[in-house]
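Here's the structure, in structure tokens; my notes come after.
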Amino acid sequence: MDESFVTLIFKNNTLTLLDQRILPTEVSYVDCKTYKEVEFAIRDMIVRGAPAIGAAAAYGVYLAALQCPEEPDFKKACESLSLARPTAVNLGWAINRMLKTYEHNKKQPRKVLLGSLLSEADTIREEDIKTNKQMSRIGARVVPEKATILTHCNTGALATAGWGTALGVIKTAFYDKKDIFVYADETRPRFQGARLTAWELMEAKIPSKLIPDSAAATLIRDGKIDLVILGGDRVAANGDVANKLGTFALSVICKAYGVPFYSVVPISTIDFSIPDGSAIPIEERDAEEVTHVQGVQVAPSGMDVFNPAFDVTPHQNLTGIITEKGIIYPPFKENIERLRRGESM
């Protein structure tokens, strides 16, 4: 069963994005006709979620090639795109993949070059949907019958080109008739859980409740949660996972109370080049995201703010990492290396 909405679509040299800044009160779309507009859409979180950012960036590279016929200008545009958000590895992964296509075809006639870039961007989008459904089928195996699941941030179709990662696992388990129940963290300060995950859960008619972030610890302590399933924006070679702020705290509580804790990511989100989570750049966002809620001031004027968008969960706190090639279990470093070499899990 597919969604009743589309997160992103490319047609007539225009990337159309579902505006995630104003959900759930309004369903509206934003058209991006230039790479700068795609860059803004990523930075301002019109589109968000590592896989969706990657797919959007791929089309941004195509638009950059369309706008910038000279190679130096094109490369500068791609560099600008790559800086839109630093933590999600899919952004750089997609841009690098598009750049390889450019290098392979840059001596071809311009029409052929542009066609190859558009084809590659389409392939990245289509592969993401296919990958998400494969991960979901694999991940649903760890969901017990009548499970109560806790999730954090948004990892559904809104965070991807379609279907979703962690929320895709949850949807698959639900459609498999496992009689599940879901608690969704509100996920401050931008409320992706309250605005986006709750909306997707209701769209899919999955039994669920929205909770304040700080209620999760009580539910876990009291034995109300069977497992936690969430996503990831970058995974280091040793299995450390950068994900939405608050993930680390959840992992500590789950470890203390013996609750299984899974991250669901495509292999494209694994950064094999960095040894551990200390090398993952953590985006720090504008103070107003904390001092104001939906434009309403909730903190004193002039108050200093620390607003990291992500934190890093050490691999020791993970039960497993669910990918399209299988579930990675400890020892994570060794098994991730096996995955890098193309060995089966």
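The values are calculated or read from the model by the stated rules, or taken from the named source; none is laboratory data. Model, not experiment: these values are computed from the prediction. With ideal geometry, Cβ positions are generated from the backbone for all residues, glycine too; neighbour counts draw on all protein chains shown. Remember, those area values only see protein heavy atoms, side chains included, never the ligands or the DNA or RNA. Shrake-Rupley method; radii C 1.70, N 1.55, O 1.52, S 1.80 Å.
The table for this structure:
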read-out	value
Residue list for the stretch 5-44, filter: surrounded by 15 or more Cβ atoms within 10 Å (Cβ to Cβ), hydrophobic (A, V, I, L, M, F, W, C) and part of a strand (DSSP E or B)	LEU8, PHE10, LEU15, LEU17, LEU18, VAL30, CYS32
Matching residues in the stretch 109-129 - criterion: being touching a residue at least 24 places away in the same chain (Cβ under 8 Å), within 28 Å of VAL169 (Cα to Cα) and out of contact with any Ser or Thr (no Cβ under 8 Å at 6 or more places or on another chain)	ALA121, ASP122, ILE124, ARG125, GLU126
Identity of the residue in the stretch 331-345, in a helix (DSSP H, G or I) and closer than 22 Å to THR131 by Cβ, that ends up most open to solvent (accessible area, probe 1.4 Å)	ARG340
Scan of the stretch 285-330 for residues that are open to solvent by 30 Å² or more (accessible area, probe 1.4 Å), part of a loop (DSSP other than H, G, I, E, B) and within 16 Å of ASP233 (Cβ to Cβ), ordered by number	ARG285, PRO314
Subset of the stretch 268-284 that is in a loop (DSSP other than H, G, I, E, B) and out of contact with any strand residue (DSSP E or B) (no Cβ under 7 Å at 6 or more places or on another chain) - its residue that is least open to solvent (accessible area, probe 1.4 Å)	ILE274
Filter result (under 21 Å from ALA56 (Cβ atoms) and either open to solvent by 10 Å² or more (accessible area, probe 1.4 Å) or at pLDDT below 95 (or both)) within the stretch 125-152	ARG125, GLU126, GLU127, ASP128, ILE129, LYS130, THR131, LYS133
Pairs where the first residue, in the stretch 325-345, is under 22 Å from PRO260 (Cβ atoms) and the second is surrounded by fewer than 18 Cβ atoms within 10 Å (Cβ to Cβ) and at pLDDT below 95, C-beta under 6 Å, 6+ apart	LYS325/MET345; GLY326/MET345
Residue match in the stretch 293-301 (condition: modelled with pLDDT under 95, among the small types (Gly, Ala, Ser), farther than 28 Å from GLN134 by Cα and over 21 Å from the mean Cα position of the chain (by Cα))	yes
Qualifying position, being part of a loop (DSSP other than H, G, I, E, B), surrounded by 24 or more Cβ atoms within 10 Å (Cβ to Cβ) and touching a Gly at 6+ places or on another chain (Cβ under 9 Å), among ALA173, ALA161	ALA161
Selected residue (criterion: nearest to VAL235 (Cα to Cα)) from residues of the stretch 255-267 that are touching a strand residue (DSSP E or B) at 6+ places or on another chain (Cβ under 7 Å) and of a type in the set (Phe, Trp, Tyr)	TYR262
Hey, SER263 assigned to a strand (DSSP E or B), at pLDDT 95 or above, in contact with a helix residue (DSSP H, G or I) (Cβ under 8 Å, 6 or more places away or on another chain) and not aliphatic (A, V, I, L, M) or not	yes
Residues of the stretch 73-131 classified as part of a helix (DSSP H, G or I), among the basic types (Lys, Arg) and closer than 19 Å to LEU8 by Cβ, total	3
Cβ pairs under 6 Å, 6+ apart, first in the stretch 201-225 and of a type outside the set (Val, Ile, Thr), second open to solvent by 40 Å² or more (accessible area, probe 1.4 Å) and in a loop (DSSP other than H, G, I, E, B)	ASP213/ARG188
Qualifying residue in the stretch 215-223 (condition: farther than 30 Å from LYS177 by Cβ and under 20 Å from the mean Cα position of the chain (by Cα))	no
Residue match in the stretch 219-239 (condition: open to solvent by 10 Å² or more (accessible area, probe 1.4 Å), farther than 17 Å from ILE321 by Cβ and in a helix (DSSP H, G or I))	yes
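Residue-by-condition table, conditions (1) of a type outside the set (D, E, K, R); (2) touching a Cys at 6+ places or on another chain (Cβ under 9 Å); (3) farther than 29 Å from ILE321 by Cα:
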{"residue": "GLY60", "(1), (2), (3)": "yes, yes, yes"}
{"residue": "LEU63", "(1), (2), (3)": "yes, yes, yes"}
{"residue": "GLU79", "(1), (2), (3)": "no, no, yes"}
{"residue": "ALA84", "(1), (2), (3)": "yes, no, no"}
{"residue": "HIS104", "(1), (2), (3)": "yes, no, yes"}
{"residue": "ASN132", "(1), (2), (3)": "yes, no, no"}
{"residue": "GLY139", "(1), (2), (3)": "yes, no, no"}
{"residue": "PRO144", "(1), (2), (3)": "yes, no, no"}
{"residue": "CYS153", "(1), (2), (3)": "yes, no, no"}
